[in-house]
Each structure stands twice: as structure tokens, then as C-alpha cells.
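Heads up: the structure comes next, in C-alpha cells.
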Ligand SMILES: [Zn+2]
């Protein structure tokens, strides 16, 4: 894991050790602390696989822990490489600084999905997650990630719950469907 965490703002090395201290400062304990560590090691992106490995939990329990961290405000929903993911803002700020040597011009920045389009897509999908069918905690997912040329066109948008979103991470639509089939079999 060394060398993956980039430079801090002051030019010092952000390591898992310093991240660990930051986690302790935030008062997390037990499985949630391990989950937060796993998310930090996963470039700040919360996925059930990363958390399950770090916290030694099942992937389904890992999702529950991730959702608990969301509800407590430790994780936020964010666009990463064109896909929506649940992230640790603190670690993402460090990664973003590492990966963004110069400011991105405003015209190159992906536009957010307008609220009216979000509502239209959720209405079309009957306010249910495309992957699991729940009507709770719904978000908008890009089938083709924007980093791969995916747009905010309605055909490219799909309704997904936060749980499926956290399992999806930054996988593409097809990769995630294949992954789900692998899990089910
Ligand atoms: Zn779902």
C-alpha cells in the first residue's frame, strides 16, 4: 500500500500510518474504523470488496457498515472517473491533488446531472434500483462512465440504490452485471 497515497498539501507523504492517526482522531472504533481504513487504502472509494477484506466481514455486512458510515457523515456520494461512488472526502482530496497537477478548465469538467433529468430517469425506472429493485436510497448511475465518453443523455443514466452503488464502485455497467452474476452463482 505504500506509495499509493500521494502527497499531502504540505508536501509530506500521506501514509496509511498518518491516515490511521486521522481515523483515530475521528473517533471510529471496531469494524467501522477498519472499514474506514480499507476505504482509505482503496483510494478513498468505498466498495464492499475493499471493506470486507479490511474489516474481515462478509460483503453484505461490509455494505451495511458503509451505509452506517454514510449516515454518520464519514462518507459522501461523489463522481469518480465518471461513475458515482461513495467516498471518504479526506482521502479523495489527497488523491485528487495527486492526480490533478493543474486546474481542470471549467469547460472540461463534467456537468452534473440536472435535477429535472434525475427525476425523469427515476420516474422512468419506477423509482426503483435497476440492479436490485429497492426503492430506498436511490442515486443516478452512468452506464458508460463519463471517463469513457459516457454522457448525461437519458439513455446513459440509470437508477441505482446506494447499496448497489457501493458494490459497483467504479465498475462499468457491463462489468457490474457480470460481477453480480458471479456473486449469485
Ligand atoms: Zn440496488
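Worth pointing out:
- When the stretch 115-136 is limited to residues that are in a loop (DSSP other than H, G, I, E, B) and touching a helix residue (DSSP H, G or I) at 6+ places or on another chain (Cβ under 7 Å), the one that is surrounded by the most Cβ atoms within 10 Å (Cβ to Cβ) turns out to be 129.
- Taking residues in the stretch 108-119 that are closer than 12 Å to residue 146 by Cα, and partners anywhere that are at pLDDT below 85 and assigned to a loop (DSSP other than H, G, I, E, B), the pairs with Cβ atoms closer than 7 Å and at least 6 places apart or on different chains are 110/82.
- Pair list, Cβ < 8 Å and 6+ apart or interchain, from the stretch 156-181 residues that are over 16 Å from residue 50 (Cβ atoms) and within 13 Å of the ligand (Cβ to nearest atom) to residues that are at pLDDT below 90 and assigned to a loop (DSSP other than H, G, I, E, B): 158/143
- Any hit, the stretch 69-80, residues being within 16 Å of the ligand (Cβ to nearest atom), modelled with pLDDT of 80 or more, under 30 Å from residue 28 (Cα atoms) and in a strand (DSSP E or B): yes
- Qualifying residue in the stretch 37-57 (condition: in contact (Cβ under 8 Å) with a residue 12 or more places away in the chain and in a strand (DSSP E or B)): yes
- Of the set (1) out of contact with any strand residue (DSSP E or B) (no Cβ under 7 Å at 6 or more places or on another chain); (2) more than 8 Å from the ligand (Cβ to nearest atom); (3) in contact (Cβ under 8 Å) with a residue 40 or more places away in the chain; (4) not in a loop (DSSP other than H, G, I, E, B), all apply to residue 152 but (4).
- Whichever residue in the stretch 82-110 is modelled with pLDDT of 75 or more and more than 16 Å from the ligand (Cβ to nearest atom) and, among such residues, is farthest from residue 68 (Cα to Cα): 82
The values are calculated or read from the model by the stated rules, or taken from the named source; none is laboratory data. Predicted model, so just to flag it, every value in this text is computed and none were measured. Reconstructed Cβ throughout: ideal geometry from the backbone, glycine too, with neighbour counts over all protein chains shown.
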